[in-house]
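Worksheet: the structure to be examined is printed underneath.
The values are calculated or read from the model by the stated rules, or taken from the named source; none is laboratory data. Here the structure is a predicted model, which is why all the values come from computation and not from measurement. All Cβ positions, even for glycine, are placed from backbone atoms using ideal geometry, and neighbour counts span all protein chains on display. With ligands, DNA and RNA removed, areas are computed over all heavy atoms of the protein, side chains included. Shrake-Rupley method; radii C 1.70, N 1.55, O 1.52, S 1.80 Å.
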Amino acid sequence: MNGVINDMEQIFTLTKNTPIAKDVYRAVLRGDTSRITVPGQFVNVKLDGFFLRRPISVCDWTIPFMGDEGELTLIYKVVGKGTDAMSRLKEGAELSVLTGLGHGFDVSASGKRPLLVGGGVGTPPMYGLAKKLVRAGISVDVILGFNTAEDVFLADEFEALNDLYEFGCEGFEGKKPEVRVYLTTVSGETGTKGFVTDCVPKIGECTHYYACGPIPMLKALKAKMAETFPDAEGELSLEERMGCGFGACVGCSVETASGFKKVCTDGPVFPAAEVFCE
Amino acid sequence: MADIRTRLGDWTLDNPIIPASGTFGFGQEFAKLYDINILGSFSFKGTTKEPRFGNPTPRIAECTAGMINSVGLANPGIDKVIAGELPKLRGIFKKPVIANISGFSIDEYKYCCERIDKEDGIGIIEVNISCPNVHAGGMAFGTSPEAAAEVTRAVKSVTHKPVYMKLSPNVASIVDIAKACEAAGADGIALINTLLGMKIDIKRRKPVVANKMGGFSGPAIFPVAVRMVYQVYEAVKIPIIGMGGVASAEDVIEMMMAGASAVEVGAMNLTEPGICPKIIGELPGLCDSLGIENITDIIGAAHC
Ligand SMILES: Cc1cc2nc3c(=O)[nH]c(=O)nc-3n(C[C@H](O)[C@H](O)[C@H](O)COP(=O)(O)OP(=O)(O)OC[C@H]3O[C@@H](n4cnc5c(N)ncnc54)[C@H](O)[C@@H]3O)c2cc1C
Ligand SMILES: Cc1cc2nc3c(=O)[nH]c(=O)nc-3n(C[C@H](O)[C@H](O)[C@H](O)COP(=O)(O)O)c2cc1C
Ligand code: FES
């Protein structure tokens, strides 16, 4: 098929596939990541024995450089047979991946100090976004929400972004960007007890926010933000069952304020003002 | 090298491979992936008189070797298709395209086909009669020979373009429906559409798709499709476009031996977007290895 199909379909090699929380795995893959351009995009992974591909958000990526392949990090939770099969894949496994799918977060709209909110397995794309923002010298507030202590992942990695500036950013003579992480769990075992929305009042100022997580969380967050920071604009990453992931089947439609949109190509990231308007 | 050109009536196609309606949009997504002009043709997304959101989501479910969709004919409506999609389509696709038309009443079918009749670059009008007839308690047009014939006559009365009736497999006798369409003036038959199916989420104890049921397609339905194409070939003289579960060059040969003059590829485009170029690339070599000089020689070859 090489030479016929364009760079959307790529073969990636799995280099790591390790548990990082209860039923949650981090997969690191090597391959051509050049189609991934903004955080919030996703890939669609082919697994042997399954007809449909599995959509997974890009958590982090490096671009191919000087003949070196790129690296793609995915974080996924085992919720069914496909993700279970994925968790059993060994290093060296080759995977067909449709890469660089969807319309991600608008980094340029961040304002001075954006708020990033990740709930459960909605957290991975927020990491890539935070990294991009910090690299651009922008401080961020991050609210993470999980059910229990054993579900928590990435919280330390977000904290560690406070040191990224030391290596990664040049040309910002001003202040080193700060990453302030607010961790919440429903059980209260670690972090603040409650939901991500309970942390919103702790944020000093906010003109722009980004979020990914379960639909009820996104709806509650949109309402809470409208109440707490009425002028803040948001971007929400949605999820829908997908037939293709690249716009061909119209399986993933969502009704927005500006008409019917496809989650896979018009989204998954949508302006908060456009969705959940009922 | 084998000649893989085929014919649908007066129309000669460079090869028999046609992406099926609903799995190829209006060509734009795939035009970014490969040169879609290598295709025999393609059938664009089922178009209705009015714009439609389609059914509520979720409307996709995975099954063994296939999928269920309850997209429900989501499309921008015939006027927007003609004003917006067709001009864009002509920019990327230089061959005649297949216009897939759906309706919920005879008038709606007529309206759409009348509009399409005036357009250039349409090789065939493919009339999907799997849709429920709102004037007959929602029973699909394609489930009774009389209703299928009525749609055929209505459509034929408003267009000079070749009309292929696309049959639903969810019927007692596909042969009776095909014969009724032929008698009513159809220029060809396309089959099969999706099989009505269901997938239940055993954790939630509920159907996966919001509409409960949906159209089942993909490699799992291939033997059913081959059987139906075979039966219809024995019953009608007009050309047949065969489809249902086609996933390889071998499947294309099999479908043609059953009686298809051309072959549509549906769900596989969604999971393996390069499937059609792959099949087209493999077809001449496969023909050679099977001793086939002209692919048209094998149409209906399995009948003796
Ligand atoms: C844009 C997008 C990004 C995503 N990013 C991540 C991520 O970074 N990490 C993560 O853990 N999960 C993510 N998901 C959810 C992930 O796709 C599902 O958990 C996964 O497909 C489940 O597969 P399964 O075979 O284990 O489950 P099953 O329930 O056995 O899957 C059956 C079918 O339903 C589909 N499906 C099931 N749950 C979902 C769901 N929540 N969303 C969409 N399709 C679903 C599957 O793809 C498959 O086709 C994302 C989903 C979307 C749409
Ligand atoms: C997502 C999806 C959407 C479809 N939409 C249409 C449609 O709009 N009109 C139509 O006639 N058939 C539609 N079909 C049916 C296909 O064109 C084809 O007849 C059927 O899927 C069998 O082929 P397959 O097994 O290769 O998918 C659709 C199929 C799928 C999977
Ligand atoms: S998943 Fe096919 S169009 Fe979005």
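Residue by residue, here is whether (1) aliphatic (A, V, I, L, M); (2) surrounded by fewer than 24 Cβ atoms within 10 Å (Cβ to Cβ) holds:
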{"residue": "B:Val236", "(1), (2)": "yes, yes"}
{"residue": "B:Ile241", "(1), (2)": "yes, no"}
{"residue": "B:Gly244", "(1), (2)": "no, no"}
{"residue": "B:Ser248", "(1), (2)": "no, yes"}
{"residue": "B:Met255", "(1), (2)": "yes, no"}
{"residue": "B:Cys276", "(1), (2)": "no, no"}
{"residue": "B:Ile280", "(1), (2)": "yes, yes"}
{"residue": "B:Gly285", "(1), (2)": "no, yes"}
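Name every residue in the stretch B:127-162 that is closer than 21 Å to B:Ala260 by Cα and either buried (at least 24 other Cβ atoms within 10 Å of the Cβ) or among the acidic types (Asp, Glu) (or both), in order of residue number.
Scanning the stretch B:127-162 gives B:Val127, B:Asn128, B:Ile129, B:Gly142, B:Ala148, B:Thr152.
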TODO: Could you tell me whether the stretch B:94-104 includes any residue that is in a helix (DSSP H, G or I) and either surrounded by fewer than 20 Cβ atoms within 10 Å (Cβ to Cβ) or among the hydrophobic types (A, V, I, L, M, F, W, C) (or both)?
DONE: no
- [ ] Would you point out which residue out of B:Glu62, B:Glu85 is charged (D, E, K, R), in a strand (DSSP E or B), within 16 Å of ligand 3 (Cβ to nearest atom) and within 14 Å of chain A (Cβ to nearest Cβ)?
- [x] B:Glu62
Open item on the list: Being within 14 Å of the chain's Cα centre (by Cα), surrounded by fewer than 19 Cβ atoms within 10 Å (Cβ to Cβ) and within 16 Å of ligand 1 (Cβ to nearest atom): is that true of A:Lys22 here?
Closed with: no
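Can B:Val224 be described as away from ligand 3 (no atom under 16 Å from the Cβ), open to solvent by less than 70 Å² (accessible area, probe 1.4 Å), in contact with a Leu (Cβ under 8 Å, 6 or more places away or on another chain) and not small (Gly, Ala, Ser)? Outline the logic, then answer.
On the way: away from ligand 3 (no atom under 16 Å from the Cβ): yes; open to solvent by less than 70 Å² (accessible area, probe 1.4 Å): yes; in contact with a Leu (Cβ under 8 Å, 6 or more places away or on another chain): yes; not small (Gly, Ala, Ser): yes.
For B:Val224, the condition - away from ligand 3 (no atom under 16 Å from the Cβ), open to solvent by less than 70 Å² (accessible area, probe 1.4 Å), in contact with a Leu (Cβ under 8 Å, 6 or more places away or on another chain) and not small (Gly, Ala, Ser) - is met.
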TODO: State all residues of the stretch B:187-212 that are open to solvent by less than 10 Å² (accessible area, probe 1.4 Å) and more than 28 Å from B:Ala65 (Cα to Cα); if no residue qualifies, say none.
DONE: B:Gly188
- [ ] Scan A:Leu52, A:Leu74 and give me the residue that is of a type in the set (A, V, I, L, M, F, W, C), touching a residue at least 24 places away in the same chain (Cβ under 8 Å) and within 16 Å of ligand 3 (Cβ to nearest atom).
- [x] A:Leu52
- [ ] Have a look at A:Gly168, A:Gly267, A:Gly245, A:Gly204 and point out the one that is within 16 Å of ligand 3 (Cβ to nearest atom) and either surrounded by fewer than 19 Cβ atoms within 10 Å (Cβ to Cβ) or modelled with pLDDT under 95 (or both).
- [x] A:Gly267
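Output the residues belonging to the stretch B:257-274 that are acidic (Asp, Glu) and surrounded by fewer than 23 Cβ atoms within 10 Å (Cβ to Cβ).
Correct list: B:Glu272 only.
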Open item on the list: Here are the criteria: (1) within 14 Å of chain B (Cβ to nearest Cβ); (2) within 19 Å of A:Gly145 (Cβ to Cβ); (3) touching a helix residue (DSSP H, G or I) at 6+ places or on another chain (Cβ under 8 Å); (4) in contact (Cβ under 8 Å) with a residue 40 or more places away in the chain. Tell me which single one A:Leu238 does not satisfy.
Closed with: (4)
Open item on the list: Which condition from (1) within 11 Å of chain A (Cβ to nearest Cβ); (2) open to solvent by less than 40 Å² (accessible area, probe 1.4 Å); (3) in a loop (DSSP other than H, G, I, E, B) is the one that B:Pro56 breaks?
Closed with: (2)
